[in-house]
Amino acid sequence: MRAMLLQVLYNIRSERQLMEQTQYNLLFRWFVGLSMDDAVWVPSVFSKNRERLIEHDAIVELFNRAVEQADQQGLLSGEHFSVDGTLIQAWASHKSFVRKDGQDGGNEGRDSSDGGNFKGQNRSNETHASTTDADARLYCKGDNASRMRFMGHTLSDNRHGLIANAQVTTADGYAEREAAKVMINDARQAAARSGAEITQGADKGYDAQAFIDACVEMKVVPHVAQKTSGRRSAVPDEIAASEGYRVSVQKQKLIEQGFGWAKSVGKMWQVMVRGLKRVDQMFVLTMAAYNVTRMRSLAKIRR
């Protein structure tokens with residue numbers, strides 16, 4: 001697990017490169033608990049141990065420990081949160097996205113004679129699946145380009161933007177709101193002992209009546225940015241007029257720092273693993289690493 005954390009922090013692309021650097025890097029050897037003459041693991045053993053960490057939720061435990069440490073240092077409000085999602089490009093290509101019934105017609109798939117030109121073809125997640133990563137989904141958002149993707153979700157604490165919860169789902173139009181309801185419900189239950197009012201900020205993409213109603217039902221105040229273009233916002237005007245709403249809208253921007261760090265430093269813009277469980281493991285580990293580095297920076301500021 002320590003070696004995987006090094007892989008995120010030092011932007012090492014593969015287990016093989018990680019093992020090679022651990023062979024001669026004394027800092028890496030010290031961090032993972034190897035002496036100067038100890039043998040380094042082979043990449044295949046490292047990959048098998050990754051599966052054991054998934055089975056025992058070791059990365060989730062590491063993430064929770066980082067959150068607990070932040071709480072002990074007074075870096076979390078525990079009451080005011082923001083939620084957002086980001087797209088993660090899968091380790092799969094368009095050529096691997098073939099029909100589920102195997103009837104490709106000779107014009108699509110890995111062995112396509114036209115080199116992977118799918119223009120004019122009707123391809124959807126209902127009829128097609130990737131032979132490389134069955135959990136990846138063809139999804140288009142923002143850049144108007146359909147790619148094989150997953151969707152990462154985080155719940156950040158508004159005090160300093162530390163990540164309080166993180167998970168990965170398959171990419172679809174409802175994943176962000178559904179994941180947000182699960183994460184804020186977990187946060188609400190954790191804060192139930194204090195009896196404080198829980199707020200959740202989000203961007204305009206979450207301004208849907210079903211999502212607002214779900215927040216109200218959970219006794220969470222929805223500080224969702226109002227989407228008023230061509231329709232009436234689902235967020236009540238009395239909530240939007242409050243001072244807490246104004247602060248939440250400003251604090252909601254902090255969650256983008258975690259996504260930016262994860263994609264630039266942690267290289268989560270495209271994962272090097274396949275399968276929903278492995279991608280989720282890497283995303284949660286990356287967010288745990290972000291919390292640790294963020295806490296270090298906050299400690300310097302507080303001095």
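The values are calculated or read from the model by the stated rules, or taken from the named source; none is laboratory data. Bear in mind that the values here come from a model prediction, so they are computed numbers and not experimental data. Positions of Cβ are backbone-derived with ideal geometry, glycine not excepted, and every protein chain shown enters the neighbour counts. With ligands, DNA and RNA removed, areas are computed over all heavy atoms of the protein, side chains included. Shrake-Rupley method; radii C 1.70, N 1.55, O 1.52, S 1.80 Å.
For this structure, a couple of remarks:
- Answer from Ala92, Ala58 - the residue that is in contact with an Asp or Glu (Cβ under 6 Å, 6 or more places away or on another chain), in contact (Cβ under 8 Å) with a residue 12 or more places away in the chain and closer than 25 Å to Val273 by Cβ: Ala92
- Residue list for the range 6-27, restricted to those being without any contact (Cβ under 8 Å) to a residue 24 or more places away in the chain and in a helix (DSSP H, G or I): Gln7, Gln17, Glu20, Gln21, Thr22, Gln23, Tyr24, Leu26, Leu27
- Scan of the range 170-193 for residues that are touching a residue at least 60 places away in the same chain (Cβ under 8 Å), open to solvent by 10 Å² or more (accessible area, probe 1.4 Å) and not in a helix (DSSP H, G or I), ordered by number: Thr170, Ala191
- Some residue of the range 86-93 being at pLDDT 90 or above and more than 28 Å from Arg137 (Cα to Cα): no
- Considering residues of the range 116-130 that are surrounded by 12 or more Cβ atoms within 10 Å (Cβ to Cβ) and modelled with pLDDT of 80 or more only, the residue nearest to His94 (Cα to Cα): Ser130
- One residue stands out in the range 131-168 among those that are in a strand (DSSP E or B) and open to solvent by 50 Å² or more (accessible area, probe 1.4 Å): the one that is modelled with the highest pLDDT, namely Arg137.
- Count - residues of the range 256-284 that are out of contact with any strand residue (DSSP E or B) (no Cβ under 6 Å at 6 or more places or on another chain), closer than 22 Å to Ser82 by Cα and assigned to a helix (DSSP H, G or I): 9
- Those residues of the range 279-303 which are more than 12 Å from the chain's Cα centre (by Cα) and either of a type in the set (Gly, Ala, Ser) or closer than 23 Å to Ser130 by Cα (or both), in sequence order: Ala289, Ser297, Ala299
- Considering the conditions (1) farther than 19 Å from Val60 by Cβ; (2) surrounded by 23 or more Cβ atoms within 10 Å (Cβ to Cβ), Ser297 is excluded by exactly one of them, (2).
- Residues that are part of a loop (DSSP other than H, G, I, E, B), of a type outside the set (Gly, Ala, Ser) and closer than 13 Å to Ala180 by Cα, drawn from the range 194-243: Asp203, Asp207, Met218
- Residue match in the range 41-52 (condition: small (Gly, Ala, Ser), surrounded by 13 or more Cβ atoms within 10 Å (Cβ to Cβ) and in contact (Cβ under 8 Å) with a residue 60 or more places away in the chain): no
- Residue identified as part of a helix (DSSP H, G or I) and more than 19 Å from Val279 (Cβ to Cβ) among Val67, Val40: Val67
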